[in-house]
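As structure tokens, the structure follows; a few thoughts come after it.
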Amino acid sequence: MVFSSLKFIFIFLPVFLIFYSASEKKYRNAVVVVSAIIVGIDMFMVMRLFRPLPILIYLASVLLLIYESNNAPEKRFRCSLIIVGAAAAAYYLFSMPAYRNAKSICIFIGCVAILLLLAYSSNRLQYQNLVILAGSVIFYGLGVGKLVYIVLFLLTNLVNFIVGQFIENSKYTKKLWLFFGVAFNFWWLIFFKYWTFGTENINAIFHQSLTVKNIILPIGISFYTFQNVSYIADVYKGKAQAEKNLINYGAYISMFPQLIAGPIVTYDHVAKELKSRKHTLDKVEDGLKTFTIGLGYKVLIANQVGGLWSDISMVGFDSISSPLAWLGIFAYSFQLYFDFCGYSLMAIGLGKIMGFELPRNFDHPYMSVTMTEFWRRWHMTLGTWFKDYVYIPLGGNRKGPGRLFFNTLVVWLFTGLWHGASWNFVIWGLVLFAIIMTEKYWTGNFFNKHKIVGHAYMILIIPLTWLLFAVTDFHELGVYFRNLIPFMHKKAEYIMENDYVHYWHKYWKYFAAGLIFSTRIPEAIYKKMKNSIVTVLLLLVIFGASVYCMYRGMDDPFMYFRF
Amino acid sequence: MNNLKKGLYTIILLFTCIVASPIMFRKIWENSDIKQQKAAARAPVISTQPADTDSEGSTEAPKETQPTSEGETAAATEAATSASEPVKGTFVQSGPEYFDDALFIGDSRTVGLRDYGTLKNADYFCDIGLSAYKINETTIGGSTVWGALNAKPYGKIYVMLGINEVGNDIERTVSAYRQLIDGIREVQPDAIIYIEGNLHVTPAAETSLISNERLNMLNSRMSEMADGVHTYYIDINSVFDDETGALTADYTSDGIHVLGKYYTTWCEWLCANTVSQGQPAAAAPAENAQAEEAATYASEPAETETATQGLPQNEEFSNQ
């Protein structure tokens, strides 16, 4: 499940927030009544569940909740909510024959019992962390769809939690535990992400015939592995204290806003907030606004401008003219940025609603004048991670220029591989390394002094590096590069005449939007006018347009009016 | 009051979401509902107009003379053919000038043919996502398909629709398709209508809704509409299929559309499979053995009749 889907915005998020904020007595009645009406409309007008069992569940739930919301103290009200939620979940789950067996019923009842126990016995913040954990696991489960992956995820959390305790408490075996923890985390990452790639290459190089397995990567593994490692490393270095509460730790790692696509949050960033945080209307307002902006980035810019890239892939790189080839990589660059940046913004916004300050992930990367600067502004949390947990432990720049060279190389090689298990990512990493090294020793100063030249250089070089990133097949990559150079470009019959005019006509609006929102201007304006009515209205329009796009995107999936 | 101002966005957003939620839930529900019932061939549900287009269709009825007859193929063609004896055509090779008075109606595959094919002399009425269900309401370049058909007489009309509809009930699709063909017949009685079989997809692109199996079912139903006199069925799949009867993976990147450069091949194939009516039965193009099969299938009974009835029908509409 992704943030930019109707299911997330209209089902998951409201339900999550109702559970999350199940406390304040004065709002309870209103929330219960409104939710009851909406659920009623859903069940009986949309789903038409006019069978005795659902009607009974519905009526009983509503009556129970109304009664409880007037009488029960906070703790009991939480439990009532959980019971109602469990009843609905049970109805949904056990209506599917696949789950109608003793084992899953036992697991289900067990989970609900644990939740009830914890919810009743904990204070408000503990309960909220519990809701974050439970909600995130459900969110993750809906995404990966397989029980094994959920179990693996929970197991990883548990192991890291225990390892953290051991590292802090042991005197002599600290290093051993650290080693074990890092090995454990990376083993799973390597297994899921690089096993296939590794065996393929071993087969190709050494003429072996190891079985190449098609392993499906559990989503988010790259992100949560890095968070887990950062945690145990921080505990080892004494930068952070080990978390004493398993639920808090689980809430930190699994927190659904950042679970599947970052930002990579280090533990010290949220340690304080896990134990005490404030929820204010200001934060909720701010969070919702940030979420809306992110949603707009993703749905209204990235998805739209990305259409050009998929168009080009569809007709094949053989059949595009030089200008269109350039247009294509610009479109891809915009798509990548707004997709990822939008996702990070949505995560930050959701975090804010729950009272967390998640770190910023993008700071106008396309406004940089050098590649070095670009990578300080692009996916900042990943860069910081590599700096803190690879570059500096290796010695950083303190061990002479030779070592610095080597350390930087390692960082970029791993950065390349982290983005994907394929040779083009390795080459992409190496090219970035080469560019950054030349900037460090040679060109960097010049570009920093002559900003205009620097921008021009970036405009050229960023899309080119993204092309390496985008195309995994080397033959195709070669074709594309040849197309970029006008005089090496073969004229052929199967290239649409003036194709770039055609596509430009189709996509120029999104290019314009991409260009504008890559600059610092919109953010500066937004910051100044944050609380004005105009901003509110504008954001509402963005939200409405995004929802409309998603709604249209789902238009009649039965018919797929896509082709 | 201060709180209200501070939380203005939150409040309005919550309110709009609450108001919009029933619509959204309906959408989500229908979406998941549809996914659950796998797209197996079901009993015919709707035989005439699709229900959802009824309201729209009645309000914004096209201004052009839209055919009113529905599902009267047999009657219409009988009336047309009873006057003069049916003249069956044969498939022959033609040059690109054959397409001077041709109109292509289709979805994104035809868009590709327009943009990357070599037949720039033809007219095209095509758009991404065009479907037989909604073709009466869809406007492209300011006119509906009926507007385009009324604008000038065409000698040949190529229709390839179905990839967007194939996930749906086959009967419904066939009925909508037949309506379209009948309508074209009525507006352009002298044109040769080519029903193009839908291009297959690669196994990787197959879903529970879109599969080659279903495409074949649909294509075979469409081929039944061809009478070999005014309507002919042609099928490109013999050119692009691999040995398993799926679209060859090398020819495509998304599994649904062929790469730009292969539209040239497609156009050559179209040239090689043109119908000549009333001409002495020429030898079917030899360069494409598989296409020839399709050709002979459609023109089998033609061999004898065309020889005797040498009416040059082609010229009739070219003078109009």
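What the table shows:
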item: Residue in region A:57-68 that is farther than 24 Å from A:PHE108 by Cβ, assigned to a helix (DSSP H, G or I) and at pLDDT below 85 present; result: no
item: Verdict on A:TYR120 being within 19 Å of the chain's Cα centre (by Cα) and either surrounded by 12 or more Cβ atoms within 10 Å (Cβ to Cβ) or more than 30 Å from A:GLU273 (Cα to Cα) (or both); result: no
item: Lone unmet requirement of (1) surrounded by 20 or more Cβ atoms within 10 Å (Cβ to Cβ); (2) closer than 24 Å to B:ASN219 by Cα; (3) not acidic (Asp, Glu) for B:THR138; result: (1)
item: Residue match in region A:24-35 (condition: more than 14 Å from chain B (Cβ to nearest Cβ), of a type in the set (S, T, N, Q) and assigned to a helix (DSSP H, G or I)); result: yes
item: Single condition B:ALA226 does not satisfy, out of (1) small (Gly, Ala, Ser); (2) in contact with a Phe, Trp or Tyr (Cβ under 6 Å, 6 or more places away or on another chain); (3) crowded, with 21+ Cβ neighbours inside 10 Å; result: (3)
item: Candidates A:LYS530, A:LYS506 - the one that is within 14 Å of another protein chain (Cβ to nearest Cβ), closer than 14 Å to A:ILE301 by Cα and either of a type in the set (D, E, K, R) or in contact with a Cys (Cβ under 7 Å, 6 or more places away or on another chain) (or both); result: A:LYS506
item: Set B:ASP101, B:ASP123, B:ASP115: member being within 11 Å of chain A (Cβ to nearest Cβ) and more than 25 Å from B:ARG172 (Cα to Cα); result: B:ASP115
item: Out of A:GLY164, A:GLY220, A:GLY141, sole residue that is touching a residue at least 60 places away in the same chain (Cβ under 8 Å) and at negative phi; result: A:GLY164
item: Residues that are charged (D, E, K, R) and either surrounded by 14 or more Cβ atoms within 10 Å (Cβ to Cβ) or within 34 Å of the chain's Cα centre (by Cα) (or both), drawn from region A:44-73; result: A:GLU68
item: In region B:1-33, residue surrounded by the fewest Cβ atoms within 10 Å (Cβ to Cβ) [restricted to those that are more than 29 Å from A:MET47 (Cβ to Cβ) and among the charged types (D, E, K, R)]; result: B:LYS5
item: Residues of region B:252-273 satisfying the condition of being surrounded by fewer than 20 Cβ atoms within 10 Å (Cβ to Cβ), under 22 Å from B:PRO96 (Cβ atoms) and within 10 Å of chain A (Cβ to nearest Cβ); result: B:LYS261, B:THR264, B:THR265
item: Filter pass, B:LYS152 being surrounded by fewer than 22 Cβ atoms within 10 Å (Cβ to Cβ), more than 14 Å from chain A (Cβ to nearest Cβ) and charged (D, E, K, R); result: yes
item: Test: residue in region B:121-134 that is surrounded by fewer than 21 Cβ atoms within 10 Å (Cβ to Cβ) and touching a residue at least 40 places away in the same chain (Cβ under 8 Å); result: yes
item: Condition broken by A:ILE18, with the remaining ones in (1) among the aliphatic types (A, V, I, L, M); (2) more than 14 Å from chain B (Cβ to nearest Cβ); (3) touching a Leu at 6+ places or on another chain (Cβ under 9 Å); (4) under 23 Å from A:ALA134 (Cβ atoms) satisfied; result: (2)
item: Of residues in region A:500-540 being outside any helix (DSSP H, G or I) and modelled with pLDDT under 90, the one nearest to A:GLY294 (Cα to Cα); result: A:LYS530
item: Pairs with Cβ under 8 Å, 6+ apart, first in region B:205-232 and more than 14 Å from every other protein chain (Cβ to nearest Cβ), second acidic (Asp, Glu); result: B:ASN212/B:GLU206; B:ASN219/B:ASP235; B:SER223/B:ASP235
item: Yes/no for A:ILE82 being more than 30 Å from A:SER230 (Cβ to Cβ) and within 32 Å of the chain's Cα centre (by Cα); result: yes
item: Residue in region A:284-293 that is surrounded by 23 or more Cβ atoms within 10 Å (Cβ to Cβ), touching a residue at least 12 places away in the same chain (Cβ under 8 Å) and away from chain B (no Cβ under 14 Å) present; result: no
item: The listed residue being assigned by TED's automatic domain parsing to the domain that holds A:PHE19, surrounded by 13 or more Cβ atoms within 10 Å (Cβ to Cβ) and not polar (S, T, N, Q), out of A:ILE41, A:ILE114, A:ILE109; result: A:ILE41
item: Unique match (being outside the structural domain of A:SER5 (by TED's automatic domain parsing) and surrounded by fewer than 24 Cβ atoms within 10 Å (Cβ to Cβ)) among A:MET380, A:MET346, A:MET354; result: A:MET380
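Yes/no matrix, rows are residues, columns are (1) β-branched (Val, Ile, Thr); (2) surrounded by 13 or more Cβ atoms within 10 Å (Cβ to Cβ); (3) under 33 Å from the mean Cα position of the chain (by Cα):
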| site | (1), (2), (3) |
| --- | --- |
| A:ILE452 | yes, no, no |
| A:PRO463 | no, yes, yes |
| A:PHE474 | no, no, yes |
| A:PHE481 | no, yes, yes |
| A:PHE487 | no, no, no |
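The values are calculated or read from the model by the stated rules, or taken from the named source; none is laboratory data. Because the structure is a prediction, the values reported are computed rather than measured. Don't worry about glycine lacking a Cβ; one is built from the backbone with ideal geometry, like all the others, and counts go over all protein chains shown.
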